[in-house]
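What follows draws every value from the coordinates through simple rules; no lab data is involved. Predicted model, so just to flag it, every value in this text is computed and none were measured.
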Amino acid sequence: MLSKPDLPDELIHDLLRERFGLQAPAATFLPLGADPSSAVYRVEAAGGAFLLKLRRGPFNELTALVTAALRAQGAADIVAP
């Protein structure tokens, strides 16, 4: 998604705190990617910066399970499919 979604930044901060325990004072939209159903943000948190991908539509749980399994086997810095 090349244009910022109609989503308040405060909502992103609140959900990161509530669901993941992250204090993220800055979430900056990045106009990247070719997927019109996804938005990418750079999130600044206490432990460093990371990318957050927001996706509209159905969620395929397999993408999260594969990422978690790779991380459990010692893989670091995994980009989820």
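Data table
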item	result
Note, ³J(HN,Hα) from phi for the stretch 55-71, Karplus 6.51, -1.76, 1.60, rounded to Hz, x at Gly and Pro	10, 8, x, x, 9, 8, 4, 4, 4, 6, 5, 5, 4, 5, 5, 5, 5
The chain - percent relative contact order, Cα under 8 Å, separation 6 or more	21
Estimated D of the chain in µm² per second, where Rh is the Kirkwood radius over Cα pairs and Stokes-Einstein applies at 25 °C, 0.890 mPa s	177
For ALA45, distant residues with modelled amide H under 5 Å away	PHE50
